[in-house]
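A.B. asks: Following this message is one structure expressed as structure tokens.
Readers should treat all values here as calculations from the given coordinates under stated rules, not as data from a laboratory. Remember, it's a predicted structure, so these values are computed and weren't measured experimentally. Positions of Cβ are generated from backbone atoms using ideal geometry, with glycine treated the same way; all protein chains shown enter the neighbour counts.
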Amino acid sequence: MSVRWFLDNFPDRACSPPLRDSYNALVEGLYQDIRDFIVMHYLLSNREDTGFWRAARHDLAMPDPLREKLALWRHKMPSATDCPSQLSLFTEWSFIYVLYGKHYFDGVAFPIEDALADDDFDQFTQWIDQHRASLLY
């Protein structure tokens with residue numbers, strides 16, 4: 001992404017200040033997104049078996065944008081409106097997968113869960129399994 005942005009912001013050798021500032025802002029945002037995504041992995045680690053993992057969970061500073069997102073996601077699932085930038089490497093699904101793997105949603109009840117009956121969901125997953133099996137063979 002940064003190479004594409006570089007080519008977009010520096011079409012010639014002039015390196016004008018507005019183009020430089022635009023590029024630097026884009027790359028800074030990208031690095032902050034990557035930092036937050038990595039920090040989230042460590043802060044929500046399921047491990048406590050070594051000093052490294054204990055320090056990762058308890059001593060690592062949480063960036064404010066990540067703190068705000070995690071607070072929001074205790075009340076609703078991550079959605080596209082929470083990750084609106086087309087400039088990010090991570091979509092709401094990136095966060096959902098990690099947060100489920102880290103058991104972040106354990107014990108959290110989302111009202112939307114009641115919109116689908118368990119039997120209907122079971123039928124849907126069986127249908128998915130059948131179609132997946134037919135694709136594999």
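A.B. asks: Where does the Debye-calculated log10 I(q)/I(0) of segment 33-104 sit at q = 0.14, 0.16, 0.18 Å⁻¹, using only Cα point scatterers of equal weight, no solvent?
C.D. replies: Log10 I(q)/I(0), no solvent term: -0.43, -0.56, -0.70.
A.B. asks: Right, something else. Estimate the FRET efficiency between R47 and S85 by the formula 1/(1 + (r/R0)^6), using the beta-carbon distance for r and 25 Å for R0, to the nearest 0.05. Mind showing how you got there, number by number?
C.D. replies: Values: r = 31 Å, r/R0 = 1.22.
The formula returns an efficiency of 0.25 here.
A.B. asks: Tell me, what ³J(HN,Hα) does each residue in segment 49-55 have, in order and in whole Hz, if you take phi through Karplus 6.51 cos²θ - 1.76 cosθ + 1.60 with θ = phi - 60° and put x for Gly and Pro?
C.D. replies: 7, 9, x, 4, 6, 5, 5
A.B. asks: Averaging over every viewing direction, what projected area does the convex hull of the Cα atoms of the chain cover, in nm²? Could the numbers behind the result be given before it?
C.D. replies: Values: hull surface 54.5 nm².
Value for the chain: 13.6 nm².
A.B. asks: Could you put M40, M77 in order, starting from the residue whose Cβ has the fewest other Cβ atoms within 10 Å? Don't skip to the answer; put the middle values down first.
C.D. replies: Working: M40 22, M77 17.
The order, fewest Cβ neighbours first, is M77, M40.
A.B. asks: Which residues make up the longest stretch of the chain that has no trypsin sites (Lys or Arg not before Pro) in a DSSP loop with at most 14 other Cβ atoms within 10 Å?
C.D. replies: Numbers: sites that count: R13, R47, R74, K76.
Here the longest segment lacking exposed loop sites spans 77-137.
A.B. asks: Compute the separation of the alpha-carbon centres of segment 65-137 and segment 5-52 and state it in Å as a whole number.
C.D. replies: Segment 65-137 and segment 5-52 have Cα centres separated by 25 Å.
A.B. asks: Using only alpha-carbon positions, what ratio does the radius of gyration of segment 79-137 give when scaled by 2.2 N^0.38 Å? Walk me through the numbers on the way to the answer.
C.D. replies: Values: Rg = 15.5 Å, N = 59, 2.2 N^0.38 = 10.4 Å.
For segment 79-137, the normalised Cα radius of gyration is 1.49.
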